[in-house]
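Encoded as structure tokens, the structure appears first; notes follow it.
The values are calculated or read from the model by the stated rules, or taken from the named source; none is laboratory data. Treat the numbers as computed from the prediction; the structure is a model and nothing was measured. We place every Cβ from the backbone using ideal geometry, glycine too, and count neighbours over all the protein chains shown. Quick note on the areas: whole protein, heavy atoms, side chains included, nothing else; ligands and nucleic acids left out. Shrake-Rupley method; radii C 1.70, N 1.55, O 1.52, S 1.80 Å.
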Amino acid sequence: MARESSRGGAKSPRRRRAVAVGRRRIDEVGEFAFLDRLLPLPGPRRLVVGPGDDCAVVRAGGADWLLTTDAIVEGVHFERDWMSPEQLGRRAYLVNASDIAAMGGAPRYCLISAAAPGSFLAADLLAALRGVAAAAAADGAVVAGGNLTAARELVLNVAMIGSAPAHPLLRSGARVGDLLFVTGRLGDAALGRRQLRRNPRARGVAVHRFREPEPRLRAGAALARRRLATAAIDVSDGLLQDLGHLCHASGVGAVIEVDRLPMSPQVRRVGWRLALAGGEDYELLCAVSVRNEGRLRRLAAKLGCPFTRIGRCVDAHRGLRVVNARGDDVSSEMGGFDHFRRDAKK
Ligand SMILES: [Mg+2]
């Protein structure tokens, strides 16, 4: 959760009208409306990019740093029998590293706050924490400390510090006419989660993609270094939801062509809605000006990282549309992942 501050140098995001909270429950207000109500927070000048982007950017010791935090919660993001404790730890690290990737940075330090029932096996908790540390080490990052507290369900929260590139990728720079690209494939993780819900011992590519997402750190860093993207975000809550954040921050609309969505044959069989709204893909979505398309394709080949063109940015008043091959609008009733929606357990 971060929002770009007016001192960030980039265009300030247009403000949505704040909703009244009154005596309503969080699941009645909704995750994103709640965050809009909370923000912006007042901040000192050291805050280069404040709440509203994938990470905050802070200035300290003559350098810029990326800050982010995210939790995985039993019963919301996973069930305990869906993966090993080590995989849980890795996942807690990777979902944070993905936000660092979305800004073009590199993970450096993390803190782990674990909450677990007293009955939880100490060896399993150790294994989970070692999973975090091993994933960090693979990226050249270290676990600098943490905290353990009692709770009814298992929660692993990671707070991460990353080094910032000279020009961090922000959600806010996309312009009308820019092309929209996404890395990798969409929908596998959502399909994997669905399979695990039916059978916790399920195996296969989709389940693997759910258990062990691969944040696009190299691709994000290369995009930032070459200043190839006008805006970027990681796809954590579903393509449409995250595209909505990018469009909102940039003050543009978008048209997505469903026939262009990169999907595995398995996901294609289930349907493109899974790729649009499934969530937890941890791929990068970016906007690129038309004149840079060739450079992006050369970079993709060099990195061995597929970038698929899925649509383009249009005028804000046209909103966010999804069209099929005939050009028919098929976007009605599509949404992403709001943690407090009552049907959030998908
Ligand atoms: Mg993100």
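Can you tell me which of (1) open to solvent by 50 Å² or more (accessible area, probe 1.4 Å); (2) more than 28 Å from Arg108 (Cα to Cα); (3) at pLDDT 95 or above is the one Leu191 doesn't meet?
Of everything listed in (1) open to solvent by 50 Å² or more (accessible area, probe 1.4 Å); (2) more than 28 Å from Arg108 (Cα to Cα); (3) at pLDDT 95 or above, Leu191 misses just condition (1).
Across the stretch 66-102, what is the total count of residues that are at negative phi, of a type outside the set (Ser, Thr, Tyr) and out of contact with any Gly (no Cβ under 7 Å at 6 or more places or on another chain)?
21
Using beta carbons and a limit of 7 Å, which pairs, at least six apart or on different chains, have the first residue in the stretch 293-310 and in contact (Cβ under 8 Å) with a residue 40 or more places away in the chain and the second one open to solvent by 40 Å² or more (accessible area, probe 1.4 Å) and acidic (Asp, Glu)?
Ile310/Glu257
Out of the stretch 33-74, which residues are farther than 30 Å from Glu153 by Cα, at pLDDT below 90 and open to solvent by less than 20 Å² (accessible area, probe 1.4 Å)?
Val49, Gly50
Inspect all residues belonging to the stretch 13-24 and state whether any of them is touching a strand residue (DSSP E or B) at 6+ places or on another chain (Cβ under 7 Å), assigned to a loop (DSSP other than H, G, I, E, B), modelled with pLDDT of 75 or more and not charged (D, E, K, R).
No, every residue in the stretch 13-24 fails to be touching a strand residue (DSSP E or B) at 6+ places or on another chain (Cβ under 7 Å), assigned to a loop (DSSP other than H, G, I, E, B), modelled with pLDDT of 75 or more and not charged (D, E, K, R).
Conditions tested, residue by residue: (1) within 16 Å of the ligand (Cβ to nearest atom); (2) open to solvent by 10 Å² or more (accessible area, probe 1.4 Å); (3) among the charged types (D, E, K, R).
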| position | (1), (2), (3) |
| --- | --- |
| Val76 | no, yes, no |
| Arg80 | no, yes, yes |
| Ser84 | no, yes, no |
| Ile100 | yes, no, no |
| Leu111 | no, yes, no |
| Ala115 | no, yes, no |
| Gly118 | no, yes, no |
| Asp124 | no, yes, yes |
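Does Leu169 satisfy being under 28 Å from Val252 (Cβ atoms), of a type in the set (A, V, I, L, M), part of a loop (DSSP other than H, G, I, E, B) and open to solvent by less than 40 Å² (accessible area, probe 1.4 Å)?
Spelling it out, Leu169 is indeed under 28 Å from Val252 (Cβ atoms), of a type in the set (A, V, I, L, M), part of a loop (DSSP other than H, G, I, E, B) and open to solvent by less than 40 Å² (accessible area, probe 1.4 Å).
Working only within the stretch 226-282, note down all residues that are β-branched (Val, Ile, Thr), in contact (Cβ under 8 Å) with a residue 60 or more places away in the chain and within 16 Å of the ligand (Cβ to nearest atom).
Ile233, the sole residue that qualifies.
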